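The values are calculated or read from the model by the stated rules, or taken from the named source; none is laboratory data. Because the structure is a prediction, the values reported are computed rather than measured. No Cβ is skipped: glycine too gets one built from the backbone with ideal geometry, and neighbour counts run over all protein chains shown.
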2 protein chains.
Amino acid sequence: MTASAGVLYLMPNALDFGTADASAGLSDRIPLGVLRVAARLEHWLCENAKTTRAFLKRVEAVCPLALPLQQISIVELPRPPKGRAEPAAFDATGLLAPLLAGHDLGLLSEAGLPAVADPGSLVVAAAHAAQKRVIALPGASSITLAIAASGLNGQSFAFLGYLPIDADERNARIRELETISRRHKQTQVTIETPYRNAALLAALVAQLQPTTMLSVSIGLTLASESTRSDPVSRWRVLPGAVPADVPAVFSFLAR
Amino acid sequence: MTASAGVLYLMPNALDFGTADASAGLSDRIPLGVLRVAARLEHWLCENAKTTRAFLKRVEAVCPLALPLQQISIVELPRPPKGRAEPAAFDATGLLAPLLAGHDLGLLSEAGLPAVADPGSLVVAAAHAAQKRVIALPGASSITLAIAASGLNGQSFAFLGYLPIDADERNARIRELETISRRHKQTQVTIETPYRNAALLAALVAQLQPTTMLSVSIGLTLASESTRSDPVSRWRVLPGAVPADVPAVFSFLAR
């Protein structure tokens with residue numbers, strides 16, 4: 001095996017993590033061509049080995065795995081506990097050992113695309129630094145799905161990650177982002193851990209101008225998927241509810 | 001059929017438009033569950049009726065269509081000629097007539113997700129204004145795939161659409177975006193019509209600081225897919241080529 005062999009595959013996951021919809025077949029949500037690649041990989045990097053094994057069992061229901069599941073190498077990325085902390089820098093090159101030895105390696109997210117709103121970009125950067133080929137397999141990100149579903153400006157948008165938890169800081173940040181949105185006609189997109197969804201929605205409805213458009217997508221790609229896009233003035237008259245156990249994406253555009 | 005029936009489906013397209021790879025089966029690139037929805041829709045809005053018929057023929061090779069192709073209603077969005085002009089405002093509600101009559105309606109892009117870096121958001125906004133349900137079916141956007149493949153910051157990024165064509169304006173804009181990128185640790189993402197890819201790459205390599213990371217993804221999801229991520233200093237020593245007939249996505253992050 002030559003040193004130049006070995007590809008880092010960025011493997012999309014379904015967006016149904018931890019929901020009742022996760023019992024559905026993966027072929028409804030991930031292209032067959034992508035599932036075929038997943039089925040033949042013998043080395044994985046991921047956030048959580050247990051959920052990666054669950055993912056591979058879902059893959060196996062569609063395509064036979066090249067190796068028995070217990071013989072597949074699954075290594076977790078070091079990372080801080082779930083939350084908004086930046087992942088600490090780590091030795092990504094060490095994690096790439098199978099790739100550097102010439103094997104294909106899969107990088108999997110808990111939901112959607114790895115390294116988008118998610119750890120993993122240090123691993124991708126290390127693969128580039130080692131001159132290895134990186135292939136992003138086609139899959140959905142909740143961010144771009146939410147922008148499509150919002151009806152807001154999809155020609156210019158910013159994804160901001162998480163807003164501050166402290167209420168005063170968060171309110172100030174929302175007003176700052178609204179100014180940027182107005183100046184650049186740029187849709188602003190943010191996410192929250194589900195149990196804080198309701199607090200974030202309340203803050204957005206309270207802080208944004210009445211004419212600003214606010215869109216909330218809940219449970220994208222799930223059977224219960226919904227997107228509501230309304231001016232803030234209407235959100236004030238007709239309040240919305242966001243469940244505390246389903247992912248949501250919040251987008252707004254000042255007018 | 002009640003007035004509340006009828007869903008606007010945002011239908012992802014493959015990213016292989018106009019390339020030799022478009023002869024491959026769609027099931028390699030689009031989930032079967034999504035192709036099944038495409039096969040049963042009888043009303044479509046799109047950028048181009050001819051390429052939509054080609055898409056539906058690719059769908060038909062996987063799932064039988066509910067109606068013969070020539071009986072499927074395909075209506076084009078009004079829009080300016082290809083290029084960077086903002087689509088003129090138009091009467092989106094008129095285009096939604098099938099939806100308002102209670103039928104499901106599909107909105108299809110030429111590549112990737114409709115209404116992301118693409119016309120169509122006015123149609124989505126009009127559907128929300130008419131209180132119709134909007135469902136974004138899971139599919140890839142070249143923007144989020146490029147961010148994943150870049151290894152740059154995927155926790156904060158901005159998609160800017162097209163940069164100015166005029167060289168002086170473009171150079172000034174690149175420097176302005178690099179300042180924003182440095183201040184907010186925000187990855188900046190832009191696209192170009194393929195025949196201007198080489199000029200954009202040359203401008204980025206000339207204008208950005210040597211330490212800024214520049215990533216170029218060419219032909220995402222195609223067999224020829226490649227992503228190169230290097231500091232600008234290395235792009236200067238080892239220039240890159242971008243084909244004039246394949247879509248590319250350009251990302252950078254100041255350090």
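Below are the figures for this structure:
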{"quantity": "Candidate set from the stretch B:28-60 (those that are among the aliphatic types (A, V, I, L, M) and free of Cβ contacts under 8 Å to residues at least 40 places away in the same chain); member that is farthest from the other protein chains (Cβ to nearest Cβ)", "calculated": "B:Ala49"}
{"quantity": "Qualifying residue in the stretch A:131-138 (condition: part of a strand (DSSP E or B), among the small types (Gly, Ala, Ser), closer than 20 Å to A:Pro31 by Cβ and more than 7 Å from chain B (Cβ to nearest Cβ))", "calculated": "no"}
{"quantity": "Residue pairs meeting the criteria (Cβ under 8 Å; at least 6 apart or on separate chains; first assigned to a loop (DSSP other than H, G, I, E, B), in the stretch B:206-222; second of a type in the set (Lys, Arg))", "calculated": "B:Pro210/B:Arg236; B:Thr211/B:Arg255; B:Thr212/B:Arg255; B:Thr221/B:Arg29"}
{"quantity": "Selection within the stretch B:158-167 - more than 12 Å from every other protein chain (Cβ to nearest Cβ) and outside any loop (DSSP other than H, G, I, E, B)", "calculated": "B:Ala167"}
{"quantity": "Residue satisfying condition, being more than 10 Å from every other protein chain (Cβ to nearest Cβ), at pLDDT below 95 and more than 24 Å from A:Ile135 (Cα to Cα), within set B:Arg170, B:Arg182, B:Arg175, B:Arg255", "calculated": "B:Arg255"}
{"quantity": "Failed item, numbered, when A:Pro78 is tested on (1) within 25 Å of A:Pro247 (Cβ to Cβ); (2) buried (at least 21 other Cβ atoms within 10 Å of the Cβ); (3) not charged (D, E, K, R)", "calculated": "(2)"}
{"quantity": "Among (1) of a type in the set (Val, Ile, Thr); (2) within 13 Å of chain B (Cβ to nearest Cβ); (3) not in a loop (DSSP other than H, G, I, E, B) - the single one A:Val116 does not satisfy", "calculated": "(3)"}
{"quantity": "Selection count where residues are over 15 Å from the mean Cα position of the chain (by Cα), more than 13 Å from chain A (Cβ to nearest Cβ) and surrounded by fewer than 19 Cβ atoms within 10 Å (Cβ to Cβ), scope the stretch B:1-27", "calculated": "8"}
{"quantity": "Single residue of A:Leu204, A:Leu113, A:Leu105 found to be over 18 Å from the mean Cα position of the chain (by Cα) and in the same structural domain as A:Phe17 (by TED's automatic domain parsing)", "calculated": "A:Leu105"}
{"quantity": "Residues that are free of Cβ contacts under 8 Å to residues at least 12 places away in the same chain and among the hydrophobic types (A, V, I, L, M, F, W, C), drawn from the stretch A:86-112", "calculated": "A:Ala88, A:Ala97"}
{"quantity": "Residues being modelled with pLDDT under 95 and exposed (fewer than 14 other Cβ atoms within 10 Å of the Cβ) - total across the stretch B:227-252", "calculated": "4"}
{"quantity": "Members of the stretch A:139-157 that are in a loop (DSSP other than H, G, I, E, B) and of a type outside the set (S, T, N, Q)", "calculated": "A:Gly139, A:Ala140, A:Gly151, A:Leu152, A:Gly154"}
{"quantity": "From A:Val249, A:Val242, residue being under 19 Å from the mean Cα position of the chain (by Cα), β-branched (Val, Ile, Thr) and within 19 Å of A:Phe157 (Cα to Cα)", "calculated": "A:Val249"}
{"quantity": "Residues satisfying the stated conditions in the stretch A:6-40, i.e. in a loop (DSSP other than H, G, I, E, B), touching a helix residue (DSSP H, G or I) at 6+ places or on another chain (Cβ under 9 Å) and over 17 Å from A:Leu113 (Cα atoms)", "calculated": "A:Gly6, A:Ala24, A:Gly25"}
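Residue by residue, here is whether (1) free of Cβ contacts under 8 Å to residues at least 12 places away in the same chain; (2) within 23 Å of A:Met11 (Cα to Cα); (3) of a type in the set (S, T, N, Q) holds:
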site	(1), (2), (3)
A:Pro114	no, yes, no
A:Gly120	no, yes, no
A:Ile143	no, yes, no
A:Ala146	no, yes, no
A:Ala149	no, no, no
A:Gly154	no, no, no
A:Ile165	no, no, no
A:Asn171	no, no, yes
A:Ser181	no, no, yes
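Here's the yes/no breakdown for (1) crowded, with 20+ Cβ neighbours inside 10 Å; (2) under 18 Å from B:Cys46 (Cα atoms); (3) more than 21 Å from the chain's Cα centre (by Cα):
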{"position": "B:Leu96", "(1), (2), (3)": "yes, yes, yes"}
{"position": "B:Leu100", "(1), (2), (3)": "no, yes, yes"}
{"position": "B:Ser156", "(1), (2), (3)": "no, no, no"}
{"position": "B:Thr179", "(1), (2), (3)": "no, no, yes"}
{"position": "B:Arg182", "(1), (2), (3)": "no, no, yes"}
